[in-house]
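In what follows, a structure is listed as structure tokens, so that the remarks can point back to it.
The values are calculated or read from the model by the stated rules, or taken from the named source; none is laboratory data. Treat the numbers as computed from the prediction; the structure is a model and nothing was measured. Heads up, the Cβs are rebuilt from the backbone with ideal geometry, glycines too, and the neighbour counts pull from every protein chain shown. Only protein heavy atoms, including side chains, enter the accessible area calculation; ligands, DNA and RNA are left aside. Shrake-Rupley method; radii C 1.70, N 1.55, O 1.52, S 1.80 Å.
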Amino acid sequence: MKTIAVALLCLGLFSLSAFAQSGKKTRPRIVRMPTPAPSPVNTSDRPELINDPNDGNSQNGAPVLIDNTNRKAPSSDVPPPPPLVVEDEDDVIKIETNFVTLPVTVLDRNGRFISGVQQREFKVFENGKEQRVEYFASVEKPFTVVLLLDVSPSTQYKIDEIQRAAISFVNQLRVNDRVMVVSFDQGYKVLSYPTNDRYRLQRAIEEARFGSGTSLYDAVNTTIDRELRRVSGRKAVVLFTDGVDTTSRRSDYYSTLRQVEEVDALMYPIRYDTFSGYVGGNRGPRRSPRRMPSSGNILVDILGSIMTGGNVGVSTGGRGTSREEYERGKAYLSELASYSGGRMFEADTTQNLDSAFRSIAEELRRQYSLGYYPETTGKAGERRQIKVRVMRPNLV
């Protein structure tokens with residue numbers, strides 16, 4: 001009967017309603033030791049002296065006085081203890097639940113960030129139905145930012161501006177905020193792992209060098225799968241790119257958007273339009289030959305060097321050179337920001353680039369975090385619309 005009761009109890013636990021996020025916990029091995037029935041106590045026994053030198057039966061060692069008042073008398077009526085009951089280590093309890101967390105930024109009509117908003121001033125709606133806010137924090141905790149720098153050939157005329165603005169961004173962060181610097185072209189290179197050492201970060205940013213190809217989708221995939229999942233706490237990605245992918249093999253437009261939806265990190269793309277400078281013929285200022293991108297074909301490189309004075313290769317009208325691809329890249333970056341809860345910035349000028357960095361740094365410092373449990377059970381693949389309102393005049 002005990003076995004049947006335990007089985008029914010397990011079935012009852014597993015019949016609870018399940019939601020999206022799951023965590024497995026293995027039940028520890030439990031050993032049940034039945035408590036034997038108390039034996040009659042012989043209260044007439046007197047204390048006994050062990051190793052008495054006068055009784056002729058002493059063993060080596062000092063005499064010891066044993067109190068027999070608590071000694072259990074042997075009894076043939078006491079049954080032997082039953083065998084140990086060991087529960088199966090492989091018996092796993094799976095508990096699933098939904099808890100939705102939202103990063104929230106509050107602005108006034110002039111676009112300034114507002115702090116000091118209280119929990120009671122926020123309302124959360126899911127599919128138009130108000131939800132109860134179960135968690136609230138005015139976030140002032142440190143965060144980790146991944147600086148993801150596009151160093152493909154199309155960005156070479158912006159690299160000095162990008163490096164200068166990136167260093168300025170790092171210097172605006174708080175002492176305990178950490179930054180990781182990564183560059184990508186056709187490959188993926190970690191220049192600095194998360195650190196708050198500003199000098200080391202500046203050197204890492206300045207080490208970014210041009211390569212060939214643009215594996216943007218692969219870079220986003222690797223950042224999420226390999227880097228962000230190792231980072232605990234608040235995290236964000238600041239991505240510098242024109243949005244055009246030419247050489248990704250493992251990932252694509254839509255697979256990375258699905259990843260961004262599921263990772264707890266904000267994406268802040270900073271887009272600079274390189275079409276006129278790289279494709280349209282306005283090649284910009286001359287650069288050092290050591291930063292020359294290589295096409296992998298020696299003849300093409302030599303001809304390009306002769307025709308352009310030894311500075312850059314010639315665009316051959318391949319992937320990443322059409323206006324349609326640039327528009328697709330812009331749409332991709334906009335969706336990265338939207339799906340993650342971040343924002344996209346345009347950086348056509350140095351002033352816009354600096355402004356984008358300042359806005360991101362301030363936004364990360366002045367965020368709120370809200371959390372709620374949905375009132376209705378979710379279904380696989382279901383999408384819901386979430387709105388957050390702040391109940392104070394002239395704030396959004």
Pairs with Cβ under 8 Å, 6+ apart, first in the stretch 347-358 and closer than 10 Å to SER168 by Cβ, second in a loop (DSSP other than H, G, I, E, B): LEU353/TYR272; LEU353/ALA347
Every residue from the stretch 140-191 that is assigned to a helix (DSSP H, G or I) and open to solvent by 10 Å² or more (accessible area, probe 1.4 Å): PRO153, SER154, TYR157, LYS158, ASP160, GLU161, GLN163, ARG164, ILE167, SER168, ASN171, GLN172
Output for the stretch 376-394, where each listed residue is under 16 Å from LYS129 (Cβ atoms), surrounded by 11 or more Cβ atoms within 10 Å (Cβ to Cβ) and not basic (Lys, Arg): THR376, THR377, GLY378, ILE386, VAL388
Condition broken by SER115, with the remaining ones in (1) surrounded by 13 or more Cβ atoms within 10 Å (Cβ to Cβ); (2) assigned to a loop (DSSP other than H, G, I, E, B) satisfied: (1)
Condition met for GLN202 (out of contact with any Gly (no Cβ under 7 Å at 6 or more places or on another chain), over 22 Å from SER340 (Cβ atoms), modelled with pLDDT of 90 or more and open to solvent by 50 Å² or more (accessible area, probe 1.4 Å)): yes
Leading residue by the ranking (nearest to GLY111 (Cα to Cα)) among those in the stretch 348-368 that are open to solvent by 70 Å² or more (accessible area, probe 1.4 Å) and either touching a Cys at 6+ places or on another chain (Cβ under 9 Å) or in a helix (DSSP H, G or I) (or both): ARG358
Residues satisfying the stated conditions in the stretch 230-250, i.e. crowded, with 24+ Cβ neighbours inside 10 Å and closer than 16 Å to PRO153 by Cβ: PHE240, THR241, ASP242, GLY243, VAL244, ASP245
Matching entry among GLY342, GLY371 (being out of contact with any helix residue (DSSP H, G or I) (no Cβ under 6 Å at 6 or more places or on another chain), assigned to a loop (DSSP other than H, G, I, E, B), within 20 Å of PRO142 (Cα to Cα) and open to solvent by less than 40 Å² (accessible area, probe 1.4 Å)): GLY342
Unmet criterion (only one of (1) open to solvent by 30 Å² or more (accessible area, probe 1.4 Å); (2) over 23 Å from SER248 (Cβ atoms); (3) under 25 Å from the mean Cα position of the chain (by Cα)) for VAL124: (1)
Total residues in the stretch 367-396, condition closer than 16 Å to SER115 by Cβ and of a type in the set (D, E, K, R): 1
Cross-chain or 6+ apart pairs with Cβ under 7 Å, the stretch 377-396 first and polar (S, T, N, Q), then open to solvent by less than 100 Å² (accessible area, probe 1.4 Å): THR377/SER17; THR377/PHE19; GLN385/ASN127; ASN394/ASP108
Filter result for GLU130 (charged (D, E, K, R), open to solvent by 70 Å² or more (accessible area, probe 1.4 Å) and at pLDDT 80 or above): yes
